[in-house]
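Any read-out appearing in this document is the output of simple, stated calculations on the displayed coordinates, not a laboratory observation. Note that this is a predicted model, so its numbers are computed, not measured. Here Cβ is always computed from backbone atoms with ideal geometry, including for glycine, and neighbour counts include all displayed protein chains.
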Ligand code: A2P
């Protein structure tokens, strides 16, 4: 059965990836409606060898749409998801607008597909850093019950959109050419050849000293895993990488689990590929993960400072599994 699909934010970094993945996975589409801001109305985009014209998003954009994929930011989702639902569409929303609402499932198909049927017209796609984390945590939690997680992220600029990639490239070029006075538009400090312990780039800090990105990791992990008892702390950091987020993760479990057991568990878990051969200097890399579907895990070892502790390194393409692919996997389950 083919369905009518709308992509909101079709001209953005995640929107472009939606189209690549819908095409490569042969998603059964009858009509594809590409929506963006007025600035992009009339723009032509190729999909499955055919030209599609981008339309301006309005409240009337969703007539006869069955599934609407949203990735145009939280304020657009808050405003337009209700119109899409009113028209009879089910929305898969990549923004943070509804993620923590009690009646909105927050889904990573490898972890909690069972939450999808509880939706009332919108299913939330989690934060990119959280998605790759929970894919790796779930099998360990099931086997040994995770008590606490300490995560530090090394996040690619593409998480902040196409404009952020442009700023990194232009700033790096201007520094390499010895030019002064580069005008930053997005990041609060130099991102080229630098590391910024602040995500997102504006209005990041909360009264508790964490950033909103960090608290997303804390709260979303508990909701997706369906276990409020897991204690999570996060430090989220922007690095001058175009694509793929990397994470240093420390886990404390209730039951003892060895590094060998973790490797064995994760090697058969859905969506995961282990790359862990220290003798050959093999471990997951952002550059290798870019454009791939899997969550890559390596550097798996027992924590020398804890009785029941595991350290690992998790890398995944933030635009694919961290956003577009996860949303399309949810849409596939909806079909
Ligand atoms: P546009 O290209 O017309 O601005 P990114 O995350 O890469 O910055 O992409 C953001 C996406 O959200 C783009 O497709 C962008 O469209 C879309 N968008 C931004 N503002 C609006 C708006 N007011 N109405 C509809 N789409 C919007």
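Inter-label distance, residue 172 to residue 279: 3.5 nm, where each label sits 7 Å from its Cα along the C-beta direction. Under 12 Å from a label point set 7 Å out along the Cα-to-Cβ vector of residue 118, no amide N atom of the stretch 317-333 is found. In a Debye calculation with equal point scatterers on the alpha-carbon sites of the chain and no solvent, what is log10 I(q)/I(0) at q = 0.10, 0.11, 0.13 Å⁻¹? Relative scattering, expressed as log10 I(q)/I(0), comes to -0.60, -0.72, -1.00.
Residue separation of residue 259 and residue 53 scaled by 0.36 nm, minus their Cα-Cα distance, works out to 69.0 nm of gained length. Rounded to the nearest 500, the helix-only mean residue ellipticity at 222 nm of the chain stands at -9000 deg cm²/dmol, with each DSSP H run of n ≥ 4 adding -39,500 (n - 2.57).
Each residue, residue 227 and residue 31, gets one label point 7 Å from its Cα in the Cβ direction; the gap between the two is 4.6 nm.
Applying 1/(1 + (r/R0)^6) with r as the Cβ-Cβ distance of residue 179 and residue 242 and R0 = 30 angstrom yields a FRET efficiency of 0.90. Put the Cα centre of the stretch 276-308 next to the Cα centre of the stretch 68-103 and the gap is 34 Å. Percent antiparallel among DSSP beta bridges with both residues in the chain, to the nearest 5? The antiparallel proportion sits near 50 percent.
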